Amino acid sequence: MITKPINMSNHSLNRDEIYYKTKMIDFIINNKDTIFISEFPFNFQKRRADLLLIENGFTHAIEIKSDIDNINSLNSQLNDYIESFNKVSIFISEKHVDAINNISKNIGVFVLKNDQIIHKRKALPKKRLNKRILLDMLSTKILKELIEKKEKMTRIEMIDLLSNKITFDSLNEIVKDYLHKKISPTYKLFLSERINQTTIHDLMLLEIRNTTL
């Protein structure tokens, strides 16, 4: 089945999450210090980050709220993001711009206005995150290596034990390095397929289910 590229200049398009996501990818793709992936599961599979970037030693998650999205749950979503990633940003429709007044000033803000992305506020970095959520981003193999014990333990038991013994700085580095290593092959495949503008086909390549974590 052949997927037609999105015509980004077609203003009759329904500006849904796919439209916003492709716009954001085209906006950030020239940053050579950044790699990213789509639909990243976190908080024990309870949430999915629309885009997860690894940039300059930080994890940076972007939540998208398009023209047709409801923002009633935005604050609860962002609270989970703040516990899970070094940087958090939102990319919102101009019609939702008033929501900026109700979120933390540490959260970055991108707004789509007249079909152009305006970067209104930079995300501020944070290292003291929820250790259990970070540990859950790691593979079971990595958790076992960090435990350095021979007895059998469940994944949750390992996470609980490690959360009490590992420092924030150490865990940040472990998670960032691990995700960078795992995301890189998918990101490189995406780059090899993408031509001029990001399409739905390209987005499918970026989805986390195509990466073994």
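The values are calculated or read from the model by the stated rules, or taken from the named source; none is laboratory data. What you see is a predicted model; the values in this text were computed from it and never measured. Because the Cβ atoms are built from the backbone with ideal geometry, glycine has one as well, and the counts that use them run over all protein chains shown. Please note that ligands, DNA and RNA were not included when accessible areas were found on the heavy atoms of the full protein model with its side chains. Shrake-Rupley method; radii C 1.70, N 1.55, O 1.52, S 1.80 Å.
A few remarks follow.
- Solvent-accessible area of residue 165, all protein chains in place: 120 Å² (probe radius 1.4 Å, heavy atoms, ligands and nucleic acids excluded).
- Nitroxide proxy distance, nm - points 7 Å out along Cα→Cβ at residue 48 and residue 188: 2.6 nm
- Links that overshoot a 28 Å alpha carbon limit, given the list 150/182; 23/188; 21/165; 32/144; 46/152: 21/165; 32/144
- Nitroxide proxy distance, nm - points 7 Å out along Cα→Cβ at residue 104 and residue 67: 3.2 nm
- 3J(HN,Hα) from dihedral phi, region 25-30, Karplus parametrisation 6.51/-1.76/1.60, rounded to Hz, x for glycine, proline: 4, 5, 6, 9, 5, 7
- Overall form of region 63-123 per C-alpha gyration tensor (a/c, 1.5; a/b vs b/c): oblate
- Database remark: amide H of residue 51 closer than 5 angstrom to the amide H of 39, 62 (H placed geometrically; neighbours at sequence offset of 5 or more, or on other chains; Pro and chain starts carry no H).
- In this structure, residue 120 and residue 76 have a Cβ-Cβ separation that, at R0 = 22 Å, corresponds to a calculated FRET efficiency of about 0.50.
- Accessible surface of region 90-213 [probe 1.4 Å, protein heavy atoms]: carbon and sulfur percent: 50 percent
- Residue 55-residue 150 FRET efficiency (beta carbon distance; Förster radius 25 Å; 0.05 resolution): 0.10
- Rounded, prolate or oblate (a/c below 1.5 giving rounded, otherwise prolate when a/b exceeds b/c) for region 104-161 by Cα gyration tensor: prolate
- ³J(HN,Hα), Karplus 6.51/-1.76/1.60, whole Hz, each residue of region 47-53, x for Gly, Pro: 10, 9, 7, 4, 9, 10, 9
- Mean residue ellipticity (222 nm) of the chain, computed from DSSP H runs ≥ 4 via -39,500 (n - 2.57), nearest 500: -11500 deg cm²/dmol
- Relative contact order of the chain, pairs being alpha-carbon contacts under 8 Å that are 6 or more residues apart, as %: 23 percent
- Amide hydrogen neighbours beyond the local backbone of residue 207, cut-off 5 Å, H modeled: 38
- For region 89-213, radius of gyration divided by Kirkwood radius, i.e. Rg to Rh on alpha-carbons: 1.07
- Converting phi to 3J(HN,Hα) with the Karplus coefficients 6.51, -1.76 and 1.60 and the offset θ = phi - 60°, region 186-194 yields 5, 5, 5, 5, 4, 4, 5, 8, 5 Hz in sequence order, with x at every glycine or proline.
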